[in-house]
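Asks: Once you've had a glance at the structure underneath, I'll fire off some questions.
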Amino acid sequence: TLNQLLFTSGIAIGNSTPTNKSNQNVYIGYGAGTSSLNVYDTYIGYLAGSGTGSGLLITNADYNIGIGSNALSAATSTNQTVAIGNYAANASPQIESTVAIGYQAAQSSSGFFDSVVIGNGAGSSATTIAGYYLEKNVVIGKSALANSTAAYRVIAIGDQAGQSASGFYTKPVTS
């Protein structure tokens with residue numbers, strides 16, 4: 001049965017009540033937006049934008065759009081990000097100003113900033129190390145830049161382009 005809950009300046013449609021019932025959020029789908037305390041977010045799909053599976057409360061993730069089953073789930077610090085596709089940017093704790101499109105695009109990655117990631121599995125499990133981010137990248141293709149480490153200003157286009165690579169030009173994190 002479809003449960004609908006209208007709340008102050010927002011909407012939730014689906015089975016399960018989101019934690020945040022205000023702040024211009026839109027949640028559509030079972031569990032969408034649960035465990036979320038964010039503002040101006042739109043999550044559409046089964047568990048999209050939820051902390052489910054991680055046990056985390058999503059507290060610093062504003063101005064995001066997650067469309068697809070588990071899109072942007074368990075993303076604890078994610079701002080101004082668009083994730084479209086089942087598991088897109090899922091279990092990726094920190095993604096800022098990034099577009100991830102495709103099944104498992106940017107899934108289980110950490111530290112993507114100002115990047116475009118398009119393709120099934122593109123950018124998945126990409127990681128940061130010793131203070132280096134995944135920043136200002138254009139990644140297009142199935143599994144492109146997947147399992148890579150600390151890519152800065154990289155353009156990877158094509159099936160598996162840059163997969164499992166490390167040592168790209170990197171920029172240290174500054175405080």
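Asks: Checking the structure you have, find out if any residue of segment 118-136 is at pLDDT below 95, of a type in the set (F, W, Y) and crowded, with 20+ Cβ neighbours inside 10 Å.
Replies: yes
Asks: Moving to a separate point now. Can you list residue pairs whose Cβ atoms sit under 6 Å apart, with the first residue in segment 61-78 being within 14 Å of T42 (Cβ to Cβ) and the second being charged (D, E, K, R) and open to solvent by less than 20 Å² (accessible area, probe 1.4 Å)? Count only pairs 6 or more apart in sequence or on different chains.
Replies: N64/D41
Asks: Can you tell me how many residues in segment 150-166 are open to solvent by 20 Å² or more (accessible area, probe 1.4 Å) and on the phi < 0 side of the Ramachandran plot?
Replies: Counting residues in segment 150-166 that are open to solvent by 20 Å² or more (accessible area, probe 1.4 Å) and on the phi < 0 side of the Ramachandran plot gives 7.
For (1) open to solvent by 20 Å² or more (accessible area, probe 1.4 Å); (2) among the basic types (K, R); (3) modelled with pLDDT of 95 or more, each residue gets a yes or a no:
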| site | (1), (2), (3) |
| --- | --- |
| Y63 | yes, no, no |
| T78 | no, no, no |
| V82 | yes, no, yes |
| A89 | no, no, no |
| E96 | yes, no, no |
| S108 | yes, no, no |
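Asks: Continuing with the same structure: Collect the residues in segment 137-152 that are at pLDDT 90 or above and more than 19 Å from Y87 (Cα to Cα), keeping them in residue-number order.
Replies: Residues satisfying the conditions are N137, V138.
Asks: Still on this structure: Looking at segment 92-175, what strands (runs of 3 or more DSSP E) fall wholly within it and have at least 2 residues that are farther than 26 Å from S69 by Cβ?
Replies: Working: elements: 94-96, 99-101, 116-118, 138-140, 155-157.
In segment 92-175, the matching strands (runs of 3 or more DSSP E) lie at 155-157.
Asks: When only residues in segment 27-55 that are in a loop (DSSP other than H, G, I, E, B) and of a type in the set (S, T, Y) count, which is modelled with the highest pLDDT? Write out each step before concluding.
Replies: Kept after step one, since they are in a loop (DSSP other than H, G, I, E, B), are these residues of segment 27-55: 29-35, 37-41, 45-55.
From the residues that got through so far, the ones that are of a type in the set (S, T, Y) too are 30, 34-35, 40, 46, 50, 52, 54.
Numbers: Y30: 90, T34: 79, S35: 68, Y40: 88, Y46: 93, S50: 85, T52: 61, S54: 50.
If we take residues in segment 27-55 being in a loop (DSSP other than H, G, I, E, B) and of a type in the set (S, T, Y), then Y46 is modelled with the highest pLDDT.
Asks: Any idea which of (1) at pLDDT 75 or above; (2) surrounded by 21 or more Cβ atoms within 10 Å (Cβ to Cβ); (3) over 14 Å from the mean Cα position of the chain (by Cα); (4) polar (S, T, N, Q) is the one Q24 doesn't satisfy?
Replies: Here Q24 meets the rest and fails (2).
Asks: Using the structure shown, decide if S69 is in a loop (DSSP other than H, G, I, E, B) and surrounded by fewer than 22 Cβ atoms within 10 Å (Cβ to Cβ).
Replies: Yes.
The values are calculated or read from the model by the stated rules, or taken from the named source; none is laboratory data. Keep in mind that this is a model prediction, so the values were computed, not measured. Cβ sites come from the backbone with ideal geometry, for glycine too, and all protein chains shown count toward neighbours. Areas reflect the complete protein model, heavy atoms only, side chains present, ligands, DNA and RNA absent. Shrake-Rupley method; radii C 1.70, N 1.55, O 1.52, S 1.80 Å.
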